Amino acid sequence: RFLSTVPKRLTSTERSLGLAKIPDWKVVEGRDAIYRRFDFKDFNEAWGFMSRAALVAEQTNHHPEWFNVYNRVDVTLSTHDCNGLSQNDINFATKLDEFAIGLKS
Ligand code: H2B
């Protein structure tokens, strides 16, 4: 089982610093969450990306809200345990950006 420490919501300073490192992510309107759309070559590439992301989600106990159709993956990140953005979201977004490098997105 996971050693559960409840994630803390980022302060506005932490938030700005974190978001500056993931410029491809947009803040969702009306909600403390971030969003990025990934476009891949085809479904195979999109699914490969999602598989790697799913492993990280399980390892870190931090799970995405996402939607996939064919070569497109829409990802929204937020931390429901603190009802907003935590460092976990910034870390996960950074990981997803790495996975998408070199792939068509
Ligand atoms: N994922 C996300 N995105 N936010 C959370 O707060 C969260 C999670 N909490 N995955 C975890 C699971 C928690 O609900 C369980 C009980 O550990």
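The values are calculated or read from the model by the stated rules, or taken from the named source; none is laboratory data. Just so it is clear, the model here is predicted, and its values are computed rather than measured. Don't worry about glycine lacking a Cβ; one is built from the backbone with ideal geometry, like all the others, and counts go over all protein chains shown.
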Exercise. Go through (1) exposed (fewer than 14 other Cβ atoms within 10 Å of the Cβ); (2) over 22 Å from residue 30 (Cβ atoms); (3) within 11 Å of the ligand (Cβ to nearest atom) and name the single condition residue 83 misses.
Key: (2)
Quiz item: Restricting the search to segment 69-96, which residues are among the charged types (D, E, K, R), in contact (Cβ under 8 Å) with a residue 40 or more places away in the chain and within 18 Å of residue 43 (Cα to Cα)?
Solution: none
Quiz item: Only one residue in 47, 25, 66 is within 14 Å of the chain's Cα centre (by Cα), surrounded by 10 or more Cβ atoms within 10 Å (Cβ to Cβ) and free of Cβ contacts under 8 Å to residues at least 24 places away in the same chain. Which one?
Solution: 66
Quiz item: Given the conditions (1) within 12 Å of the chain's Cα centre (by Cα); (2) more than 21 Å from residue 6 (Cα to Cα); (3) not small (Gly, Ala, Ser), and given that residue 41 satisfies all but one, which numbered condition is not satisfied?
Solution: (1)
Self-check item: Sole exception among (1) out of contact with any strand residue (DSSP E or B) (no Cβ under 8 Å at 6 or more places or on another chain); (2) at negative phi; (3) among the small types (Gly, Ala, Ser); (4) modelled with pLDDT under 95 for residue 48, by number
Solution: (4)
Exercise. Kindly indicate which of 41, 21, 95 is of a type in the set (Lys, Arg), within 15 Å of the ligand (Cβ to nearest atom) and modelled with pLDDT of 95 or more.
Key: 95
Quiz item: So residue 19 clears everything in (1) in contact (Cβ under 8 Å) with a residue 60 or more places away in the chain; (2) touching a strand residue (DSSP E or B) at 6+ places or on another chain (Cβ under 7 Å) except one condition, right? Which one?
Solution: (2)
Practice problem: Go through segment 1-11 and count every residue that is of a type in the set (S, T, N, Q) and at pLDDT below 95. | Solution: 2
